[in-house]
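The values are calculated or read from the model by the stated rules, or taken from the named source; none is laboratory data. Keep in mind the model is a prediction, meaning the values are calculated, not measured. Backbone-built Cβ (ideal geometry, glycine too); neighbour counts: all protein chains shown. Calculation scope for accessible area: heavy atoms of the full protein, side chains included, ligands and nucleic acids excluded. Shrake-Rupley method; radii C 1.70, N 1.55, O 1.52, S 1.80 Å.
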Amino acid sequence: MPAPSSFDYAIIRVVPRVEREEFINVGVVLFCATQRFLDARVELDEARLQALAPDVDLALVRGHLESFRRVSEGGKGAGPIGQLPQKERWHWLVAPRSTILQTGPVHSGLCQGEPRAAVEHLLDTVVRVKRQA
């Protein structure tokens, strides 16, 4: 069995009206340095967002959320930030912001094996809403 790997993560939030401090969790960004892993996963529940802020520009929000994914992947398609080393991209992704997209505080955890499983667990725990059937 592989040794556990530590990771850091933050929850990605949409804050439609910053002055009201209301938000919904829409994704996770996770960095595991020992496994050279950086991933940002987003699952925007548009109905929930529109219930919170009926006048929100969904296309604009989707576009900005896509930048989290592109920066985490890196490369020329992600602009100058995407060409930074992985650790620097992580710091850029979780830097405090006062805009419609924010990340919560950085937390730490441990994973056995693949960090993608930790991303899925976090999405299940803090982003996905379990609906009654």
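Suppose we keep only residues that are in contact with a strand residue (DSSP E or B) (Cβ under 8 Å, 6 or more places away or on another chain) and of a type in the set (Val, Ile, Thr) within segment 81-101. Which one would you say is farthest from residue 64 (Cα to Cα)?
The extreme case among them is 94.
Counting only residues that are open to solvent by 50 Å² or more (accessible area, probe 1.4 Å), closer than 21 Å to residue 130 by Cα and not small (Gly, Ala, Ser), how many does segment 43-63 have?
4
Can you list residue pairs whose Cβ atoms sit under 7 Å apart, with the first residue in segment 79-100 being closer than 12 Å to residue 10 by Cα and in a helix (DSSP H, G or I) and the second being at pLDDT 95 or above and among the small types (Gly, Ala, Ser)? Count only pairs 6 or more apart in sequence or on different chains.
Correct list of pairs: 93/40; 93/72; 94/10.
Looking only at segment 24-33, decide whether some residue is open to solvent by 50 Å² or more (accessible area, probe 1.4 Å), within 17 Å of residue 117 (Cα to Cα), touching a residue at least 12 places away in the same chain (Cβ under 8 Å) and in contact with a helix residue (DSSP H, G or I) (Cβ under 9 Å, 6 or more places away or on another chain).
Within segment 24-33, one or more residues are open to solvent by 50 Å² or more (accessible area, probe 1.4 Å), within 17 Å of residue 117 (Cα to Cα), touching a residue at least 12 places away in the same chain (Cβ under 8 Å) and in contact with a helix residue (DSSP H, G or I) (Cβ under 9 Å, 6 or more places away or on another chain).
Condition first: under 22 Å from residue 65 (Cβ atoms), exposed (fewer than 12 other Cβ atoms within 10 Å of the Cβ) and hydroxyl-bearing (Ser, Thr, Tyr). Now tell me which residues in segment 102-133 satisfy that.
Correct list: 125 only.
Could you say whether any residue in segment 71-78 is free of Cβ contacts under 8 Å to residues at least 40 places away in the same chain and open to solvent by 80 Å² or more (accessible area, probe 1.4 Å)?
Yes: segment 71-78 contains one or more residues that are free of Cβ contacts under 8 Å to residues at least 40 places away in the same chain and open to solvent by 80 Å² or more (accessible area, probe 1.4 Å).
Quick one: residue 12 ticks every box in (1) under 29 Å from residue 111 (Cα atoms); (2) among the aliphatic types (A, V, I, L, M); (3) open to solvent by 20 Å² or more (accessible area, probe 1.4 Å) except a single one, so which number is it?
Going through the list (1) under 29 Å from residue 111 (Cα atoms); (2) among the aliphatic types (A, V, I, L, M); (3) open to solvent by 20 Å² or more (accessible area, probe 1.4 Å), residue 12 breaks only (3).
Return the residues of segment 22-42 that are among the acidic types (Asp, Glu) and under 20 Å from residue 129 (Cα atoms); say none if nothing qualifies.
If the condition is that a residue be among the acidic types (Asp, Glu) and under 20 Å from residue 129 (Cα atoms), then 22 is the only one that fits.
Looking at segment 44-84, which of its residues are among the aromatic types (Phe, Trp, Tyr) and touching an Asp or Glu at 6+ places or on another chain (Cβ under 7 Å)?
none
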